[in-house]
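A short write-up of the structure that comes next.
The values are calculated or read from the model by the stated rules, or taken from the named source; none is laboratory data. Everything quoted here is computed from the prediction, not taken from an experiment. No Cβ is skipped: glycine too gets one built from the backbone with ideal geometry, and neighbour counts run over all protein chains shown.
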Amino acid sequence: MSLDTGVGDGSVDGNLLAGLFYPVFELIFDEDGDFVGDVERKLAEARMPDQVEMYVSRALGVGLIVGGALWALGTLTGYGVFSLGLIDPEALSLGVPAPTPAVQSFLRSLVVPAAVLVSGLVFGAIGFAIGFGGVIAIPYSRASAREREINLLLADSVSFMYALSVGGLNQLEILRAMATAEDTYGEVSREFQSIVNETEYFGTDYRNAIRQQSMETPSDELSQFLADMLSIVNSGGDMESFLKDKKEKHLRTSKQEREMTLETLELFGEMYMTLSLFPLLLIIILVIMGMMGESDERLLYATVYLLIPLTGAGFLVLVSTVKQDEPGDGYLRPDGGSERLQQTSQEGLLHFGLIEGFVGRFGVFDRIRDREGTYKTKQIMSAPHVFLRDNPLYTLALTVPAALVVVGVAVASGNAPTTVDGWVARPVWSTFIWVYLPAYLVMGPLAVFHEWSQRSKRAITGKLSESLRKLSSANDTGQTLLESVQTVSETSTGKLAEEFEVVHAKVNYGMSLRDALVEFNNSYAVPRLARTVKLISEAQEASSQITDVLTTAAQASENQDDIERERISRTRMQVAIIVMTYVTLLGVMAILQTQFIDVMGGLSSQADGGSTGGAGFGGGGGVDPEVLSLLFFHAVTLQAILSGFISGYIRNADIVSGVKFAVVLMTLALGVWIYVG
């Protein structure tokens with residue numbers, strides 16, 4: 001078993017806990033039962049090395065410990081509410097008729113012990129369910145995440161294997177190539193790593209290794225693919241034709257699955273319209289009840305500051321369970337590359353690139369590295385906008401301190417209210433100083449540089465399919481791949497053509513074509529581009545005439561383009577629904593503020609004999625319009641932020657892309673409330 005830390009990964013403490021509670025496991029569970037077998041299968045699918053008996057024993061130990069702690073807490077809580085007089089025992093009764101006063105007195109004496117016992121049992125059961133269920137859920141969750149990524153990458157993985165077969169690689173070489181492509185194909189590559197490890201380190205025949213992996217993989221799609229591959233291997237069939245057919249099948253399947261996801265998101269968009277209006281309806285009901293003196297002020301505060309954020313956050317989590325983000329970080333880290341490639345692929349803010357490979361050999365290299373930091377700093381300072389375009393999140397290092405300083409200065413100068421009465425007296429100004437101004441300072445630059453970064457990447461991927469078709473046509477005429485790259489760079493326009501020209505120049509100056517393509521990819525780090533470059537760079541090492549490979553890459557890219565167009569079209573409607581729902585909510589809140597609150601407040605005050613002095617919300621039926629204006633403004637502000645981030649996540653499966661929507665909706669809310677508030 002592994003000695004990693006963590007309850008679910010077989011830590012030393014976890015092993016001790018599992019050993020202590022193993023007798024409990026033997027007492028409760030059947031080792032050959034369905035539950036234990038299901039957990040064992042999920043442990044294998046999640047690639048967790050724990051033995052199922054020890055893992056379930058550990059889960060039992062965690063459950064019993066957490067349950068025992070909560071049982072003690074529940075018992076103390078039950079005893080405390082009676083001993084402190086928070087609940088009168090006389091108020092509790094099951095309505096059981098007593099034949100005599102003595103029996104009635106006896107039953108009454110059992111109320112407190114029974115309530116304390118039930119409280120402890122309920123808390124203990126909840127604690128055991130949380131502890132035991134939480135640990136058992138870990139392999140299920142990891143297996144589900146792996147299945148999701150495998151299904152997303154399977155079409156591109158099959159295209160990669162087809163490209164290798166076209167290049168002349170045999171079955172074992174294809175398996176090894178897939179096993180070493182973890183930087184691009186993630187969990188699919190790890191499945192093939194298991195096959196290769198079984199054959200190379202344990203002496204298993206690779207046919208049996210494929211069969212075993214087809215039963216252990218969490219993805220039904222990959223399991224079927226491996227089973228079909230095994231039948232081709234056993235029968236001696238044509239692997240290239242098999243992979244070509246599978247490539248086309250999985251490209252169609254990938255497109256169909258994305259369409260099903262978009263249909264589910266359409267349903268979620270309709271659900272959000274209902275969910276987001278629920279707090280509004282509740283606020284209206286509470287306001288009306290407050291005017292009648294029948295509502296608790298705390299319910300209105302809970303609705304605004306608790307229910308609205310929880311509803312938005314819950315919907316965001318719900319969308320994340322369906323929305324399929326792009327797996328991988330887009331960087332290629334090939335094995336066996338040049339020293340330059342290995343070092344530049346790690347280059348970042350703290351890694352200085354090529355010079356890192358020479359540090360320690362001679363003193364001059366150490367001095368160069370010491371001055372490299374100064375050089376990189378000068379580069380960033382001379383063009384900070386380029387650095388922030390490539391790293392949008394680094395804007396937070398500048399804007400967050402600036403926002404804190406601005407708010408601090410406003411507080412010190414007395415321009416920012418610091419009391420509840422100050423907030424109520426000037427609701428728009430106080431919210432602007434404490435919420436809107438910091439949000440604009442932080443979110444504005446982040447939105448600008450993030451959008452700039454995305455546009456620079458789209459400039460590459462936008463013409464990728466067309467350029468791949470041109471490469472395929474040029475290669476089909478007899479040109480080498482490098483000559484085809486030069487031809488496309490001369491006959492095309494745009495950013496991608498410029499990058500092809502740079503690749504051609506690097507190769508002419510002595511760099512290998514593979515290294516030049518990898519450096520080009522890593523400068524943009526787009527997962528879709530990484531898979532294309534990986535496919536081409538691996539195939540060109542076998543042959544320079546790779547027309548079929550380039551055609552396959554073009555088909556995969558065009559399939560991705562179709563999916564993107566469909567996604568943009570469908571999600572545009574979902575974003576429109578969310579934005580229009582928010583505009584409706586904002587309009588209703590504005591009407592409620594201007595036309596309803598003041599009128600009903602006056603009528604309620606007249607009903608109480610005209611005594612409006614200091615009644616406040618819920619006080620004798622009076623309503624303080626300033627308090628409600630503050631609450632309404634905060635409600636629409638919170639809803640604007642949540643709606644913005646949900647729109648961005650639905651649009652691009654990226655939470656940061658929601659910043660621009662949040663800024664726009666917040667500005668709309670601020671403009672409306674400046675007028676009505």
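Taking helices (runs of 4 or more DSSP H) as the structural unit, those lying wholly within the range 480-576 and holding at least 3 residues that are under 30 Å from the mean Cα position of the chain (by Cα) correspond to 513-522, 527-540. Against the condition part of a helix (DSSP H, G or I) and in contact (Cβ under 8 Å) with a residue 24 or more places away in the chain, how does R211 come out, does it pass? No, not satisfied. Which residues, taken from the range 459-482, are surrounded by fewer than 16 Cβ atoms within 10 Å (Cβ to Cβ) and among the polar types (S, T, N, Q)? Correct list: T477 only. In the range 267-317, of all residues being in a helix (DSSP H, G or I) and among the polar types (S, T, N, Q), the one that is surrounded by the fewest Cβ atoms within 10 Å (Cβ to Cβ) corresponds to T274. Quick check: is even one residue across the range 188-201 among the charged types (D, E, K, R) and farther than 26 Å from S537 by Cβ? Checking the range 188-201: at least one residue is among the charged types (D, E, K, R) and farther than 26 Å from S537 by Cβ.
A quick yes/no check of all residues on (1) aromatic (F, W, Y); (2) out of contact with any Gly (no Cβ under 7 Å at 6 or more places or on another chain); (3) over 30 Å from A669 (Cα atoms):
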position	(1), (2), (3)
F432	yes, yes, no
L441	no, yes, no
P445	no, yes, no
T487	no, yes, yes
K506	no, yes, yes
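With respect to I288, determine if the residue is among the β-branched types (V, I, T), under 16 Å from Q639 (Cβ atoms), assigned by TED's automatic domain parsing to the domain that holds T581 and touching a residue at least 60 places away in the same chain (Cβ under 8 Å). No.
To keep it simple, each residue is scored yes or no on (1) modelled with pLDDT of 90 or more; (2) in contact with a Phe, Trp or Tyr (Cβ under 7 Å, 6 or more places away or on another chain); (3) within 26 Å of L121 (Cα to Cα).
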{"site": "D13", "(1), (2), (3)": "no, no, no"}
{"site": "F25", "(1), (2), (3)": "no, no, yes"}
{"site": "Y55", "(1), (2), (3)": "yes, no, yes"}
{"site": "A59", "(1), (2), (3)": "yes, yes, yes"}
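Among the conditions (1) surrounded by fewer than 21 Cβ atoms within 10 Å (Cβ to Cβ); (2) in contact with a Leu (Cβ under 8 Å, 6 or more places away or on another chain), F202 misses just one, which is (2).
Exactly one of (1) of a type in the set (D, E, K, R); (2) under 22 Å from V166 (Cβ atoms); (3) surrounded by fewer than 16 Cβ atoms within 10 Å (Cβ to Cβ) is unmet by K534. Its number? Unmet for K534, out of (1) of a type in the set (D, E, K, R); (2) under 22 Å from V166 (Cβ atoms); (3) surrounded by fewer than 16 Cβ atoms within 10 Å (Cβ to Cβ): (3).
Given the criteria of a type in the set (D, E, K, R), in contact (Cβ under 8 Å) with a residue 40 or more places away in the chain and assigned by TED's automatic domain parsing to the domain that holds L592, does E270 qualify? Before you say what the answer is, go through the steps one by one.
Working: of a type in the set (D, E, K, R): yes; in contact (Cβ under 8 Å) with a residue 40 or more places away in the chain: yes; assigned by TED's automatic domain parsing to the domain that holds L592: yes.
Yes: the conditions hold for E270.
Could you pull out the residue among A516, A539 that is under 22 Å from V158 (Cβ atoms) and surrounded by 19 or more Cβ atoms within 10 Å (Cβ to Cβ)? So the residue among A516, A539 that is under 22 Å from V158 (Cβ atoms) and surrounded by 19 or more Cβ atoms within 10 Å (Cβ to Cβ) is A539.
The criterion of being over 16 Å from L535 (Cα atoms), in contact (Cβ under 8 Å) with a residue 60 or more places away in the chain and out of contact with any Lys or Arg (no Cβ under 6 Å at 6 or more places or on another chain) does not hold for S465.
Quick check on this structure: which one of T418, T374, T395 is out of contact with any helix residue (DSSP H, G or I) (no Cβ under 8 Å at 6 or more places or on another chain) and not aliphatic (A, V, I, L, M)? Steps first, answer last, please.
On the way: T418 fails: out of contact with any helix residue (DSSP H, G or I) (no Cβ under 8 Å at 6 or more places or on another chain); T395 fails: out of contact with any helix residue (DSSP H, G or I) (no Cβ under 8 Å at 6 or more places or on another chain).
Criteria check complete, one pass: T374.
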